[in-house]
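Trainee: Quick one: structure below, then a few questions.
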Amino acid sequence: MKITVIGTGYVGLVSGACLADVGNEVLCLDVDPAKIRILEEGAIPIHEPGLLEIVRRNVEAGRLSFTTDPVKAAQHGLVQFIAVGTPPDEDGSADLQYVLAAARNIGRHLDGYRVVVDKSTVPVGTADKVRAAIADELAARGSSEAFSVVSNPEFLKEGAAVDDFMRPDRIVIGADDERAIELMRQLYAPFQRKHDKLVFMDVRSAELTKYAANAMLATRISFMNELANLAESLGADIELVRQGIGSDPRIGWHFLYAGCGYGGSCFPKDVKALIRTAAEQGTALRVLTAVEEANEVQKHVLIDKIVRRFGTDLSGRRFALWGLAFKPDTDDMREAPSRVVVEELLARGASVTAYDPVAMGEAERIFGDEPRISYAGRPKSALEGADALVILTEWKEFRSPDFEAIRSRLRTPVVFDGRNIYEPSVLRAAGIEYHGIGRP
């Protein structure tokens with residue numbers, strides 16, 4: 001099947017590459033010539049495990065190509081995926097300008113029946129706006145070409161997006177006509193050979209499903225973070241509490257880890273957008289409002305611990321940071337807790353030496369040439385002479401370090417563990433003062 005994917009970010013590039021990998025002929029469109037140049041040179045503009053190999057394999061096979069030409073893109077694919085960004089507007093609502101611009105380009109240039117698929121995370125009612133935008137362009141051309149609009153939200157985790165696409169636990173399709181439904185069945189048949197993973201529903205329910213899923217996961221994280229703060233004041237251990245409640249099958253183990261807050265391109269944006277959508281309908285989502293507020297507070301928890309230990313004036317002190325990305329296996333620092341920690345440390349007069357396996361380039365782009373931020377080539381190098389170590393991302397390479405090396409390299413053997421990856425008793429036995437989240 002011929003497919004066009006509009007947008008080459010995390011969702012678009014992963015979707016396009018994976019669809020090409022099962023035999024489809026995929027053309028990816030992006031308005032950014034620099035991104036297309038990178039892709040045509042055999043690289044990728046994002047860090048996502050396993051993606052580069054799939055992109056190169058399918059480019060070499062002639063199944064995956066890239067363009068900046070909207071006419072070529074609109075006339076290529078029977079199925080047209082819209083996978084562009086929907087950044088938060090000033091009021092927290094999702095900015096649909098790129099989605100609607102993509103829809104208008106399809107309407108201006110399509111030359112036959114098309115299934116237009118909203119893959120971007122968009123508010124309820126967006127499909128109606130996409131449909132209207134395409135219809136307006138067709139009317140301006142005097143064209144009566146038929147088209148369908150489908151909602152097919154993505155459920156890809158950064159750092160595991162390729163596996164999530166190739167082995168989905170469910171594929172949500174919001175559609176209201178049989179022709180589009182049948183084409184979507186054909187498109188996703190290679191990804192569900194063992195059993196049917198397609199979940200069909202109306203378009204608006206599909207649009208809400210994506211927001212509901214991310215809001216639920218964000219709620220679990222903020223709940224555990226609030227509980228961790230309470231456990232700490234009570235002298236309880238949130239890790240033991242997690243084991244006690246996670247073993248209940250009604251609750252389960254996922255997203256029960258306390259830490260220094262969630263970040264990334266999805267949870268913060270989607271929670272804000274859902275709150276805004278409810279407000280537009282005259283409804284208050286009180287639980288989600290609390291989830292968002294709790295997360296913003298949680299991003300400052302490590303700073304509060306550092307200030308209690310070292311005082312409010314941190315002038316002359318230097319802190320080693322392990323981890324900058326909002327989660328492992330990605331270089332994404334959007335809304336990352338590390339940004340809050342770095343900014344707060346600098347504001348209090350401290351300097352920072354940071355290490356992250358893949359996100360240091362992104363950090364340099366964000367923080368620019370700030371002289372009090374330096375970057376280390378290895379984790380141990382960041383420790384030399386630092387007043388304390390701050391853990392902000394739970395990368396695998398941080399999980400079992402040489403604690404004696406940590407103790408000997410730090411000026412003060414203190415660790416602030418924002419992801420609870422260490423056992424307090426182990427660090428204390430190594431002569432290291434330990435501060436976790438919700439740990440005694």
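The values are calculated or read from the model by the stated rules, or taken from the named source; none is laboratory data. Bear in mind that the values here come from a model prediction, so they are computed numbers and not experimental data. Accessible surface areas use protein heavy atoms only, side chains included; no ligands, DNA or RNA. Shrake-Rupley method; radii C 1.70, N 1.55, O 1.52, S 1.80 Å.
Trainee: On average, how much accessible surface per residue is there in the chain, in Å², for a 1.4 Å probe, leaving out ligands, DNA and RNA?
Mentor: 43 Å²
Trainee: Also: Can you list the residues, at least 5 places off or on another chain, whose amide H is less than 5 Å from the amide H of residue 171, using H built in the peptide plane?
Mentor: 198, 199
Trainee: Given a 1.4 Å probe and every protein chain left where it sits, what share in percent of the accessible area of region 282-392 is carbon and sulfur?
Mentor: With neighbouring chains kept in place, the figure for region 282-392 is 48 percent.
Trainee: Right, here's the next one. Round to a whole angstrom and tell me the spacing of the C-alpha centers of region 128-162 and region 365-440.
Mentor: 47 Å
Trainee: Which entries in the list 157/380; 72/194; 129/299; 35/269; 35/272 go over 31 Å, if you measure between the two C-alpha atoms of each?
Mentor: On the way: 157/380 29 Å; 72/194 36 Å; 129/299 36 Å; 35/269 23 Å; 35/272 28 Å.
Checking Cα-Cα distances, 72/194; 129/299 exceed 31 Å.
Trainee: At 222 nm, what helix-only mean residue ellipticity would the chain give, in deg cm²/dmol to the nearest 500, using -39500 (n - 2.57) for each DSSP H run of four or more?
Mentor: Helix-only estimate at 222 nm: -13500 deg cm²/dmol.
Trainee: Let me ask something else. Got a sec to turn the phi values of region 263-271 into Karplus ³J(HN,Hα) couplings, 6.51 cos²θ - 1.76 cosθ + 1.60 with θ = phi - 60°, whole Hz, x for Gly and Pro?
Mentor: x, x, 8, 10, 4, x, 5, 6, 4
Trainee: For residue 89, what residues show an amide H to amide H distance below 5 Å, using hydrogens built from the backbone and excluding near sequence neighbours?
Mentor: Correct list: 94, 95.
Trainee: In sequence order, what are the phi-derived ³J(HN,Hα) couplings for region 198-212 according to the Karplus relation 6.51 cos²θ - 1.76 cosθ + 1.60 with θ = phi - 60°, rounded to whole Hz, with x for glycine and proline?
Mentor: 6, 10, 8, 7, 6, 4, 5, 5, 5, 4, 6, 4, 4, 4, 4
Trainee: Still on this structure, I have one more. Taking amide H atoms as placed 1.01 Å from N in the peptide plane, list the residues 5 or more away in sequence, or in a different chain, whose amide H sits under 5 Å from that of residue 390.
Mentor: Hits under the 5 Å cutoff: 320, 321, 322, 416.
Trainee: Taking the 0 to 90 degree range and rounding to the nearest ten, how far is the long axis of helix 10-21 tilted relative to the main principal axis of the chain, both from C-alpha atoms?
Mentor: It works out to around 60 degrees.
Trainee: OK, next. What are the ³J(HN,Hα) couplings of region 295-308, residue after residue, when phi is run through the Karplus curve with 6.51, -1.76, 1.60 and θ = phi - 60°? Round to Hz, x for glycine and proline.
Mentor: So the Karplus estimates, Gly and Pro as x, are 5, 5, 5, 5, 5, 9, 4, 5, 4, 4, 5, 5, 5, 4 Hz.
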